[in-house]
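Here is the structure we will look at.
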Amino acid sequence: MKILFIKSKWEMWNESLILFIERVIKDKFDGTELYLDSVPESNNEINNIHETNGLFLLGQILTDGKNISEHIDSFNRQADFALEAGSKLVNVHAGRDYFSFEDNLKLIEHINQFSRKCGIEFLIETHRGRLTYSLIDTIKYLEASPELKLTADFSHWMVVHESDLSNQSISLGKAIDRSFHIHARVGYEEGPQVTDPAAPEWSGHLSNHLNIWEKIIDKRKKEGREFFTITPEFGPPNYMHTLPFSKKPIRDAWEMNLKMRDIIKTHIHI
């Protein structure tokens, strides 16, 4: 199974797609993860620049609206664009934590149906504020929807549960079994992003995340999958800590993601 390291445009949010792609190529990533609604280029332009440079496109969708019907409409519009842009895999921030279980499940089943129809995997990311905001609630959706597949960003759950999740090992194992893409960011009990994954004070949290990610990768490898995607996803401010008054970031997020990629390659023996 080939591991593809994917680069988010998060740190270059206001830069052109061309400049971003140039840096992705320079730093030898295998593809990009793009929140497509934030990119001004057309679907054809996005497709062409990825095809020309041999890059994997992982589309990102954020559903939005006042109610579940509007979230479904939002998904449909963005999902069509994601396919037209040539996405090989799609990551979705889905629903809201304050929607009812029934409404969020309706959105999940709609996404599953769309995925079956087009033949592209649509994964729902574990994320605060969304239907997967907690491990406890996510398990309920996994049990109700056997087709539901996750993007594992478990850093969010560390905050929500104020825990390294070792006290929910059975539930965590169920989420691991249904994870098909990783957002590699190290979280802790009081926040979704440590200051530096290589700093010794975070070594325990780093090891915990690496062990979880390795279990996910091993699970997918045993299934005989052709590839598996990982997006190192340390973010800029306000995810990145800043100095008081000056608001100066304490680290360069892009450099942190290069470091995170190297750590993963070393520790998971990729």
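Values in this text are rule-based calculations from the coordinates and carry no lab data. Just so you know, these numbers come straight off a predicted model, no measurement behind them. Note: ideal-geometry Cβ built from the backbone for every residue, glycine included; neighbour counts use all protein chains shown.
What separates the Cα centres of the stretch 18-40 and the stretch 125-200 is a distance of 25 Å. Taking trypsin sites (Lys or Arg not before Pro) across the stretch 10-77, the ones in a DSSP loop with at most 13 further Cβ atoms lying within 10 angstrom of their Cβ are 28, 66. Taking Lys and Arg as +1 and Asp and Glu as -1, the other residues whose beta-carbon sits under 11 Å from that of residue 12 total 0.
The shape of the stretch 2-267 comes out rounded: with a ≥ b ≥ c from the C-alpha gyration tensor, a/c is under 1.5. A cut-off under 12 angstrom between Cβ atoms defines the neighbours of residue 1, and their net charge, with Lys, Arg +1 and Asp, Glu -1, is +3.
Here the sum of -39500 (n - 2.57) over DSSP H runs of 4 or more residues, divided by the residues of the chain, equals -13500 deg cm²/dmol at 222 nm, to the nearest 500.
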